[in-house]
Amino acid sequence: MNSIPDIIIAVDGYSSTGKSTFAKMVAAEYGFLYLDSGAMYRGVTLYALEEGIIGADGSIDEARLKKEIGPLDLHFGRADGVTRLYLGERCIETEIRTLQVSSFVSPISAIPFVRNYVDDRLHAFSEGGRVIMDGRDIGTTVFPNAEVKIFMTADEQVRARRRYDELVAKGQTPSLEEVLANLKERDYIDSHRETSPLRRADDAYVLDNTHMTLHEELVWMLGLLQGRFNILDSPGLSC
Ligand code: DC
């Protein structure tokens, strides 16, 4: 049996299509490092909110952000098999997932120098390969030579409901309409920005998971990898 080599798997797609859940599951199954590129953009956004770089009126002081982003110590830390985002010593995994951060992350991530900062860090963290990374431009810009590229999509209402349930489970209290509006707005900004817009790479496989369970997604991925790398028997799926 051939095992899966040390490749880079790029997972891109619309907001709340379950990219990170899918990527984490594949990472655990095949022993890959999982990196969430959106977390980095969220980390920059949290910093900008906390430091007043994003004003109360929603304006962004780009000149200040440009000055402060260089030395910003955003990094991934790995403990108990889980990768978390840190700002200096502080774990910010929870803080970066609020609706407030979600409301500003698309305009922040459309700024070219922010993208350069994040891209540099993503490359540094991926050194050595065997990485699965999710985001919006991984297969098109960050790793255009990734050996396997997946583009995820799902029905908008289904995505909003999933994100809503996730936020409620974390104790937040958004309305479903708010979540849907944020999702639509982010998809629009992410797909229409000038620098590295969200789009499917020509060589990406499309995964529409509107009617799929997580197990079905994993089986789909197994079939894809078996075909690509000529693997004859299954590793025994764990979910
Ligand atoms: O995956 P996410 O929802 O946590 O990402 C948050 C935002 O970050 C998303 O709305 C757009 C931006 N993003 C990006 O522009 N490029 C990436 N590779 C990943 C995320």
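The values are calculated or read from the model by the stated rules, or taken from the named source; none is laboratory data. Everything numeric in this text was worked out from a predicted model, so none of it was measured. Quick reminder, even Gly has a Cβ in these numbers, built from the backbone with ideal geometry, and neighbours come from all protein chains shown. Note: accessible area is taken over every heavy atom of the protein model, side chains too, but ligands, DNA and RNA are not part of it. Shrake-Rupley method; radii C 1.70, N 1.55, O 1.52, S 1.80 Å.
Against the test of being farther than 26 Å from Tyr47 by Cα, within 12 Å of the ligand (Cβ to nearest atom) and touching a strand residue (DSSP E or B) at 6+ places or on another chain (Cβ under 9 Å), the options Thr140, Thr210 yield a single qualifying residue, Thr140. Contact map, segment 184-196: residues that are without any contact (Cβ under 8 Å) to a residue 24 or more places away in the chain and hydroxyl-bearing (Ser, Thr, Tyr) paired with residues that are open to solvent by 50 Å² or more (accessible area, probe 1.4 Å) and more than 8 Å from the ligand (Cβ to nearest atom), Cβ distance under 9 Å, separation 6+ or inter-chain. Pairs shown: Ser191/Tyr14; Ser191/Arg199.
Is segment 191-203 home to any residue that is under 18 Å from Thr17 (Cα atoms), within 10 Å of the ligand (Cβ to nearest atom) and touching a strand residue (DSSP E or B) at 6+ places or on another chain (Cβ under 9 Å)? Yes, that holds for at least one residue. Of all the criteria given as (1) among the aliphatic types (A, V, I, L, M); (2) touching a Phe, Trp or Tyr at 6+ places or on another chain (Cβ under 6 Å); (3) over 25 Å from Leu214 (Cα atoms), the one not satisfied by Ile150 is (3). Those helices (runs of 4 or more DSSP H) of segment 3-112 in which 2 or more residues are within 13 Å of the ligand (Cβ to nearest atom), touching a residue at least 60 places away in the same chain (Cβ under 8 Å) and among the hydrophobic types (A, V, I, L, M, F, W, C) occupy 19-30, 37-50, 99-109.
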